[in-house]
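Student: The structure's right below; bear with me while I get my questions together.
Each reported figure results from applying straightforward, stated rules to the coordinates on display, with no laboratory input. These numbers were taken from a predicted model, which means no experiment stands behind them. Here the Cβ is made from the backbone with ideal geometry for all residues, glycine too, and neighbour counts use every protein chain on show.
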Amino acid sequence: MENTVSDIKDARKLKVSTQSEEHTNNMILGRLPNDDSIYSSVIESYRPLARPYVDAHAKNKFLTEAEVALFGIGRLEWLVSSTYSELSDKFTESELLTLMNCIIGGPLSIQQIDALPSLILENYGIEVDDYESTPFAPLVNKICRLTPLQRLALVDAAERIFHDLGRTDSLQSSFTHYGIKLLSNK
């Protein structure tokens, strides 16, 4: 007996609804598996951004929410990875160390990435009105000139590198691994 498209759709709907729909909803956009995580508030800040994407791609029921999430993560990885090279020859190692000191606490929310210049100044106790006379001015000005996607790629690379510290030779080689060539410190 040959399967028709509608037979496959019906079988897929049955499989999804009986095996994992409730579990998938909870794992992807429902209750977090570990609401006690110190990162749960940052993770929660992404839920309003993720819901429309998941709804738009899962409404035809060809994909589960988990599959849509993987689909979206794959697209994000492609987008961020293709943006790393745009960050080459913009930052020195010391500037990126300054940035990395601001992300020690864990993954940044979209709001923190958007307000990255302010986050850096706040982390070092510098008032916005006074920053131009500090050694942080070149870094803050460079970050202000980045597009939102470049800012995301910069933070993404810095977070990845932060988690790999101790497993690589140097900060410069770590950024080079992601296709980001650093300027020499002056």
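Student: Compute and list, largest first, the equivalent-ellipsoid semi-axes of region 72-186 from the alpha carbon gyration tensor, each √(5λ) rounded to a whole angstrom.
Tutor: Value: 22, 16, 14 Å, ordered largest first.
Student: Additional query: State, to one decimal in nm, how far the label point of Thr176 lies from the label point of Asp114, with both points 7 Å from Cα in the Cβ direction.
Tutor: Result: 3.7 nm between the two label points.
Student: Could you check the simple spin-label distance between Lys142 and His57, using points 7 Å along Cα→Cβ, in nm with one decimal?
Tutor: Each label point is offset 7 Å from its Cα along the Cβ direction, giving 3.3 nm.
Student: Further question on the same structure: Which far-off residues, 5 or more places away or on another chain, put their amide H under 5 Å from the one on Thr92, with H placed in the peptide plane?
Tutor: Residues meeting the criterion, in which the H sits 1.01 Å from N, are Leu183.
Student: A further question follows. Rounded, prolate or oblate: which fits region 64-103 when a ≥ b ≥ c are the square roots of the eigenvalues of the alpha-carbon gyration tensor, with rounded for a/c under 1.5 and prolate only if a/b beats b/c?
Tutor: Oblate, since a/c reaches 1.5 and b/c is not below a/b.
Student: If you don't mind, another one. Pull out the extension gain between Arg75 and Ser41, defined as 0.36 nm times the separation in residues minus the alpha carbon to alpha carbon distance; nm, one decimal.
Tutor: 9.9 nm is the gain from fully extending Arg75 to Ser41.
Student: Let me ask something else. Give a quick list of chymotrypsin sites (Phe, Trp or Tyr not before Pro) in region 55-112 that DSSP marks as loop, anything other than H, G, I, E or B, with at most 15 other Cβ atoms within 10 Å.
Tutor: For chymotrypsin sites (Phe, Trp or Tyr not before Pro) across region 55-112 that sit outside H, G, I, E and B with at most 15 neighbouring Cβ atoms in 10 Å, the list reads Phe62.
Student: Residue-wise, which Karplus ³J(HN,Hα) couplings in Hz belong to region 134-149, taking 6.51 cos²θ - 1.76 cosθ + 1.60, θ = phi - 60°, and x for glycine or proline?
Tutor: Values per residue, Gly and Pro as x: 10, x, 8, 4, x, 5, 4, 5, 5, 5, 4, 7, 6, 6, x, 5 Hz.
Student: Each residue of region 63-80 in order: what ³J(HN,Hα) in whole Hz does its phi give by Karplus 6.51 cos²θ - 1.76 cosθ + 1.60, θ = phi - 60°, with x for Gly and Pro?
Tutor: Residue by residue, region 63-80 yields 10, 7, 4, 5, 5, 5, 4, 5, 4, x, 5, x, 5, 4, 4, 4, 5, 5 Hz.
Student: Gain in length, Leu183 to Asp164, computed as 0.36 nm per residue apart minus the alpha-carbon separation, to one decimal in nm?
Tutor: Difference between extended and current length: 4.7 nm.
Student: Scan around Thr134 for amide H atoms under 5 Å from its own, H built in the peptide plane at 1.01 Å from N, and keep only partners 5 or more places away or cross-chain.
Tutor: The answer is none.
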